[in-house]
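Okay, structure first, notes after.
The values are calculated or read from the model by the stated rules, or taken from the named source; none is laboratory data. Everything quoted here is computed from the prediction, not taken from an experiment. Every residue, glycine as well, gets a Cβ built from its backbone with ideal geometry; the counts of neighbours run over all protein chains shown. The area values use the complete protein model at the heavy-atom level, side chains included, leaving out ligands, DNA and RNA. Shrake-Rupley method; radii C 1.70, N 1.55, O 1.52, S 1.80 Å.
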Amino acid sequence: MSAQSNRFDVIILGSGIAGSILGAILAKSGASVLLADAGVHPRFAVGESTIPHTLNVFRILAERYKVPELESLISFDQAIKDIGPVLGRKHHFGFMIHRDGEEPDPDHANQFGTSIPHLDTSHLFRQDTDAYLFHTAIKYGCVARQAYRVSEVAFGDDQVEVSGHDGQKYTGRFLVDASGFRSPLAQQLGLRAEPSALKHHARSLFSHMIGVRPTDECLDMPDSVRPPIPWVKGTMHHVFERGWFWVIPFNNDPLSINPLVSVGLTFDERRYPKPADLTPEQEFYHHVSRFPVLERIFKDARTVRPWVSTDRLQYTSTRTVGHRWCLLSHAAGFIDPLYSRGLANTGEIINALAWRLMTALNEDDFSVDRFEYVERLQQGLIKYNDELVNASFISWTDFDLWNAVSRVWAASQFPASMRFGRAIEKYRLQHDDAIFKELEQGSYTGSPFPGNEAYEQLFTEMVTTCDAVERGERTPSDAAEALMKQVVTSPAVVPYLGLEDPRTRFVSPTHETFIKMARWLATEGPADMRYLADNPRFSALLDR
């Protein structure tokens, strides 16, 4: 189809990461795709921190849909080469609890390493990575309309029509809205659910800054109580009661020439209502001044772009799929940037939607039932994130409770990565798409470990326990003791990481750790987890 035509197989609203990756996949498969966006590239965006699960999802998208450009996002060195020397390294998730007017307690900090063999997490400089993916989509044949604001969407029996503010109209066989919170489709169809459907409450302030001092330089504590990986080498979370600051450096590796640091503050708007007499920057520094270490970190920092100040961040939708349409990822809902799950969730949804949509185009069958799993997945991911983040915010009043909650989260991270990694390695040997479709099986859709009943029980126990604390039915210390007992005894917690030992606050797995984990899974692990060791890559390691 020529670029001059106004008729397409698929119209995608939004050309950020979600829209551009889906557009590239569909165009590579032969579909005609319009990629429309009210903005233009390059542009500012947050959601910059990757996790191992993000990288495995991107590996699947690259391998399954033959879009090798996505491989650049799973390697820091390759991204520096293909995208530009603007990314930051990420070797860990760092968490440090702060109390008003006090230096942080060295024993009230956690670090969870993100280094996994052949995966290289990083801090994405989104204006460049998003532009790279946008140009990839165009290279594969997407037709782009930037600065095109959709004013109306009309649905017929066999087509969708979008009208722009300039009067230009386009028709397609299917519409994907990947435009985010201000989704034209969600607004027109009245799809936003009542906020009361969600537990978590938070608003946010964020910007990019220069002159941000590394956390390591600002701590008044001996080397003996510091973690094995410097705090500056990862995504830093400075947490306090009902809130947290993020510090995401792009300047923490010699290969990067980017001097910027992404900073933000996310906090419960019920406890910290937005003040009418302060600018966003003034409010940010007001909360910085509460904590001595943060005062030192931001003492000489300067913003390089205007602050963004939001109202409550949380939203969801009553439906995410319908007759010839789908709300994709952040157009469907959002909870909180805590745990950096946004990009991983986006990739999972694209993976579930793309093959179904390609089949629908080939068969000219766009029945809503075909996309039922996409609906279930998106709602499940929102529910899981909502409960996880809400429990975390509750736990920050007491380190021991947070120490237990963080382990419930961490317990799923390595099995989830192993599960997707296994599928990729088996697919490379067998080239059977059924391997990827098997990933959609499991009773707990949206969970990072959807087929594991033991993890679901542990997660549910965490949610129930923290909810009881919030209602005043349990003390934080009692809840912490009870939940940690569940962590220690749960068969879902893989040994050798130290998660079952509350004294192990710095979890930094090595190559040898993964060999031990794989051997345990293959010989002693629970029956419903042993399949994780059925991985050609692990087999080669275990044979040594």
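Quick notes
- Any hit, segment 408-431, residues being assigned to a loop (DSSP other than H, G, I, E, B) and out of contact with any strand residue (DSSP E or B) (no Cβ under 7 Å at 6 or more places or on another chain): yes
- For segment 97-125, the candidate set comprises residues that are part of a strand (DSSP E or B) and within 20 Å of the chain's Cα centre (by Cα); within that set, the residue that is farthest from residue 412 (Cα to Cα) is 123.
- Residues being within 30 Å of residue 34 (Cα to Cα), touching a Ser or Thr at 6+ places or on another chain (Cβ under 8 Å) and open to solvent by 10 Å² or more (accessible area, probe 1.4 Å) are entirely absent from segment 105-117.
- Residue in segment 383-396 that is farther than 21 Å from residue 198 by Cα and more than 20 Å from the chain's Cα centre (by Cα) present: no
- Filter pass, residue 250 being over 27 Å from residue 403 (Cα atoms) and open to solvent by less than 10 Å² (accessible area, probe 1.4 Å): yes
- Among (1) open to solvent by less than 30 Å² (accessible area, probe 1.4 Å); (2) without any contact (Cβ under 8 Å) to a residue 40 or more places away in the chain, the one test that residue 96 misses: (2)
- Pair list, Cβ < 7 Å and 6+ apart or interchain, from segment 199-226 residues that are more than 30 Å from residue 391 (Cβ to Cβ) to residues that are assigned to a helix (DSSP H, G or I) and open to solvent by 40 Å² or more (accessible area, probe 1.4 Å): 213/296
- Residue within segment 42-64 that is outside any helix (DSSP H, G or I) and more than 30 Å from residue 306 (Cα to Cα) present: no
- Checked against the criterion of being surrounded by fewer than 19 Cβ atoms within 10 Å (Cβ to Cβ), more than 28 Å from residue 125 (Cα to Cα) and either modelled with pLDDT of 95 or more or within 17 Å of the chain's Cα centre (by Cα) (or both), segment 334-357 contains one or more residues that satisfy it.
- Screening segment 9-45 for residues that are out of contact with any His (no Cβ under 9 Å at 6 or more places or on another chain) and closer than 30 Å to residue 117 by Cβ and picking the one that is surrounded by the most Cβ atoms within 10 Å (Cβ to Cβ) gives 22.
- Boolean, residue 364 is surrounded by fewer than 24 Cβ atoms within 10 Å (Cβ to Cβ) and at positive phi: yes
- Qualifying positions in segment 408-455 - polar (S, T, N, Q), open to solvent by less than 10 Å² (accessible area, probe 1.4 Å) and out of contact with any Pro (no Cβ under 6 Å at 6 or more places or on another chain): 452
- In summary, residue 319 fulfils each of the numbered conditions (1) assigned to a helix (DSSP H, G or I); (2) open to solvent by 60 Å² or more (accessible area, probe 1.4 Å); (3) not aromatic (Phe, Trp, Tyr) with the single exception of condition (1).
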